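Asker: Let me begin by handing over the structure; questions about it come next.
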Amino acid sequence: FITDRPIWMVFGVSTGVMLLFMFLAYRALMFSVLDLGLFNRHMYSLVHFDLSANPLKGFNLLGDHAHIFLILLTPFYAIWPDPRTLLFIQVTAVTASIFPIYYIGRYYLRSRAVSLLWVAAYLAFFGIWAALASPFHDSPVAVLPIACALYHLLISKKSRALIIWLVIL
């Protein structure tokens, strides 16, 4: 896993390109305040152990669509309390999802080169870029637990790991 340099290079380049895209969009004020503002304010409240209603929405986001996974992001937001933290987490989750996708490809396609092409097609998919063109939301972040759950379902057959990723999802 660690010695598989090509996938790490793809991860590094794709993370850099997507972060540049997200941070330039953020700096140019291309995001509506709705989602990024809501999630940023909610993370601020979670870091300060305040579970009252989000003043931008009128209720707590843990009750709105059950955004329980935000609790897992709280330590990262506590280190860097800024909306860009959420954008960084979103990009990292999307690009980290290439690892299980790559190893599923290696298992079924039996070729490193073809698996890398499969990952490249995944990263070039317009749905990924359309999701990143919007501000932070839980849907793009969900691709990581989905990919990891698929890996454990199809390849590793580790039911405990599968259950953990499904719970996170």
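The values are calculated or read from the model by the stated rules, or taken from the named source; none is laboratory data. Keep in mind it's a predicted model, so treat the numbers as computed, not measured. For neighbour counting, all protein chains shown are included, and Cβ atoms are generated from backbone atoms with ideal geometry for every residue, glycine included. The accessibility values were calculated without ligands, DNA or RNA, using every heavy atom of the protein model including side chains. Shrake-Rupley method; radii C 1.70, N 1.55, O 1.52, S 1.80 Å.
Asker: For the stretch 101-166, please list each of the helices (runs of 4 or more DSSP H) lying entirely inside it that holds at least 2 residues being of a type in the set (Gly, Ala, Ser), under 18 Å from the mean Cα position of the chain (by Cα) and surrounded by 14 or more Cβ atoms within 10 Å (Cβ to Cβ).
Answerer: Output list reads 143-151.
Asker: Pairs only if they're at least six apart or on different chains, beta carbon under 7 angstrom, first in the stretch 152-165 and under 17 Å from Tyr102 (Cα atoms), second outside any helix (DSSP H, G or I); list them, first residue then second.
Answerer: Sorted first by the residue in the stretch 152-165, then by its partner, the pairs are His152/Lys158.
Asker: I need every pair where a residue in the stretch 2-25 that is farther than 20 Å from Leu36 by Cβ and polar (S, T, N, Q) has its Cβ under 8 Å from the Cβ of a residue that is part of a helix (DSSP H, G or I) and open to solvent by less than 40 Å² (accessible area, probe 1.4 Å), sequence separation at least 6 or different chains.
Answerer: Listed by first residue and then by second, the contacts come to Ser14/Thr95; Ser14/Ile98; Ser14/Leu123.
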